[in-house]
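Undergrad: For reference, the structure I am asking about is given below.
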Amino acid sequence: MSEESGGVDSKRVSVLILTRNEEVNIERCLRALSWSDDIVVLDSESTDRTRELASSFKNVRVYTRAFDQEYTQRNYGLHSIEYKNPWVYICDADERVPPELRDEILRAVNDTGNDYAAFRVRFQNIFMGRWIKRSSNYPVWVIRLVRPGSVRYEERATNVHPIVDGTIGSLTQHFLHHSFNAGLDRWYRKHNFYSDREAEEAVKQIEGGFHGIGSLLSRDPMLRRRSFKNLSFFVPARGALRFVYSYLLGRGFADGPAGLQYCKMVSIYEYWIEMKTIERRSDPHARTRELAERLLGGGR
C-alpha cells in the first residue's frame, strides 16, 4: 500500500515498456513508475546503456528480444511474459506518468464494479518546452491499461492497433509524451523508419481498396482515427494537406513557434510516406523494359 497513491493498493498494476537505445529516457520513465512493483522492460537489443540502467531498479525485470515487427514484439510482451498482477500498463520510454494519472489507474483497477478489459488514455505531446495541444491534433486516444489475456495487436506494419475482447473504458488524466528528448536527429531517423512501414501499409490499403466508410462516424475515437488514417492513403499531396489541417484548420498557429515547427516536421513525415508509397507502387525496371521494347520495335 502506497501513501503517495492515497492508500490504494499499488501492487495491482504491472508495467510493460518496449525499448531500443533509450538510455536518455529510461531512468526518468522508471522513476515516474516507482508505484508499480512489477515493471518489465522488453528491449530490442539496444547498443547503449538501456538494459544496464533499467536493471539497476529493483522493481524491473529486463528481457531481450530481436525486433522483427511491431505487432509481434508487442504481442510477445503481453502474452509470452508472466506478470505478477492482473492489469498491465503499457508505456514507452519517452513517456511520463504523472501522479494524477497514477492515482486514476490505481482507482480504476481496484474498483469492484470494474468489468472493463482495457482503458484508453489521452496524452499531452511536449515540444520545445510546452504542450503543443492544437498542433498535435489533441485529443489522441491510445489503449494503455489492459488485461493481457483480453488484448492482442493487429497485424500491421506500424502504428498497430490493439484488438480488445471486451469493453473499453476511458481515463480522464493524461500521460506526458516527450518524443524529442533524444534530439531532432533521433526523431527524424525514427520517423524515416516509420515512413517505410507506413508506405508498406499504404500500398496494402490502396491495392485492397478502402472498406471503412462506416467507421468514419464511429463513436470509438480510436477506430474513427484509424479509419481516417487508412482513407488518407488515397489522398494526393498528403504532406501539404496535413500542414493545412494541423496548422490552419486545427489552429496549430496558436501554439506559437513550437506549433509552426512541429506542423512542418509532421508534414515532411507525411510527404515521405507519400513518396515512398509512389515508389513502392511503381516498377522502374518494368518501365525500362517497356521503353526498350517500344524503341526496339519502332526501329524495325
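What follows is calculated from the coordinates using simple rules that are stated; it is not laboratory data. Bear in mind the structure is a predicted one, so any value in this text is a computation, not a measurement. Counting neighbours? That spans all protein chains shown, and the Cβs are built from the backbone with ideal geometry, glycine included.
Undergrad: Assuming R0 = 35 Å, can you tell me the calculated FRET efficiency for the pair Arg251 and Leu231, based on Cβ-Cβ distance, to the nearest 0.05?
TA: Numbers: r = 22 Å, r/R0 = 0.64.
So the FRET efficiency works out to roughly 0.95.
Undergrad: Take Val160, Val146, Val140 and order them by how many other Cβ atoms sit within 10 Å, fewest up front. List each step's numbers first, then the result.
TA: Working: Val160 20, Val146 23, Val140 16.
Neighbour counts put them in this order, fewest first: Val140, Val160, Val146.
Undergrad: Using a simple charge model, +1 on the beta-carbon of Lys and Arg, -1 on the beta-carbon of Asp and Glu, nothing else, what dipole does the chain show about its Cα centre, in debye to the nearest 20?
TA: The calculated dipole for the chain is roughly 860 debye.
Undergrad: When a/c is below 1.5 the answer is rounded, else prolate if a/b is larger than b/c, else oblate, so apply that to region 150-201 with a ≥ b ≥ c taken from the square roots of the Cα gyration tensor eigenvalues.
TA: Oblate, because a/c is 1.5 or more while a/b does not exceed b/c.
Undergrad: Still on this structure, please answer the following. Figure the gain on full extension for Phe193 and Thr112 (residue separation times 0.36 nm, minus the Cα-Cα span) and round it to one decimal in nm.
TA: Extending this stretch completely gives an extra 24.8 nm.
Undergrad: Rounded, prolate or oblate, given the Cα gyration tensor of region 184-281, with a/c below 1.5 counting as rounded?
TA: Oblate, because a/c is 1.5 or more while a/b does not exceed b/c.
Undergrad: How large is ³J(HN,Hα), in whole Hz, for each residue of region 117-129 in order, when computed from phi with the Karplus curve 6.51 cos²θ - 1.76 cosθ + 1.60 and θ = phi - 60°, using x for Gly and Pro?
TA: Result, rounded to whole Hz: 9, 6, 10, 9, 9, 9, 9, 9, 7, 9, 8, 6, x.
Undergrad: How would you rank Asp165, Asp38, going from fewest to most other Cβ atoms within 10 Å of each one's own Cβ?
TA: Values: Asp165 11, Asp38 18.
Neighbour counts put them in this order, fewest first: Asp165, Asp38.
Undergrad: With labels modelled as points extended 7 Å from the Cα through the Cβ direction, what inter-label distance (nm, one decimal) is found for Ser55 paired with Leu241?
TA: Using points 7 Å along Cα→Cβ, the separation is 4.9 nm.
Undergrad: Continuing with the same structure: What does the charge count around Leu16 come to, taking other residues whose C-beta lies under 11 Å from its C-beta (Lys +1, Arg +1, Asp -1, Glu -1)?
TA: Numbers: positive: Arg61, Arg74, Arg144; negative: Asp38, Asp92.
Overall, the nearby charge balance is +1.
Undergrad: Sticking with this structure for a sec: For Arg156, which sequence-distant residues (separation of 5 or more, or a different chain) have an amide H within less than 5 Å of its own amide H, given hydrogens modelled in the peptide plane?
TA: The list, which skips near neighbours in sequence, is Tyr71.
Undergrad: Return Thr112, Thr64 ranked ascending by Cβ neighbour count within 10 Å, so the fewest neighbours appear first.
TA: Ascending Cβ contact count within 10 Å gives the list Thr112, Thr64.
Undergrad: Give the label of the value calculated from the structure for percent of Cα pairs over 36 Å apart, choosing from (1) 10; (2) 14; (3) 22.
TA: (3)
Undergrad: With labels modelled as points extended 7 Å from the Cα through the Cβ direction, what inter-label distance (nm, one decimal) is found for Ala66 paired with Arg219?
TA: Inter-label distance under the simple model: 4.7 nm.
Undergrad: Moving on to the next point. Taking springs between alpha-carbon atoms closer than 10 angstrom, which of Arg152, Arg120, Arg280 fluctuates most in the Gaussian network model of the chain?
TA: Fluctuation is largest for Arg280.
Undergrad: Would you mind getting me the FRET efficiency between Glu100 and Asn159? Use the beta-carbon distance for r and R0 = 41 Å, nearest 0.05.
TA: According to the calculation, E is roughly 0.95.
Undergrad: HN-Hα J couplings of region 53-61 from phi, Karplus 6.51/-1.76/1.60, θ = phi - 60°, integer Hz, Gly and Pro as x?
TA: In residue order, the calculated couplings are 5, 5, 5, 6, 8, 5, 8, 10, 10 Hz.
Undergrad: Here is a further query. Can you give the local net charge around His178? Use residues other than it whose beta-carbon is closer than 9 angstrom to its beta-carbon, Lys and Arg +1, Asp and Glu -1.
TA: Spelling it out: positives minus negatives among the neighbours equals 0.
Undergrad: Just to be sure I understand the model, the point goes 7 Å from the Cα along the line to the Cβ. What's the resulting Thr167 to Arg281 distance in nm?
TA: Calculated label separation equals 4.2 nm.
Undergrad: Can I ask one more? Would you work out if region 126-220 is rounded, prolate or oblate? Take a ≥ b ≥ c from the square roots of the eigenvalues of the alpha-carbon gyration tensor; rounded if a/c is under 1.5, else prolate when a/b is larger than b/c, oblate otherwise.
TA: oblate
Undergrad: Where Lys and Arg each count +1 and Asp and Glu each count -1, what net charge lies around Tyr247 among other residues with Cβ under 10 Å from its Cβ?
TA: Working: positive: Arg134, Arg242, Arg251, Lys264; negative: Asp255.
Summing Lys/Arg as +1 and Asp/Glu as -1 gives +3.
Undergrad: Something else now. Just for the chain, what percent of DSSP beta bridges are antiparallel, to the closest 5?
TA: Values: 14 of 37 bridges.
Rounded to the nearest five, the antiparallel share is 40 percent.
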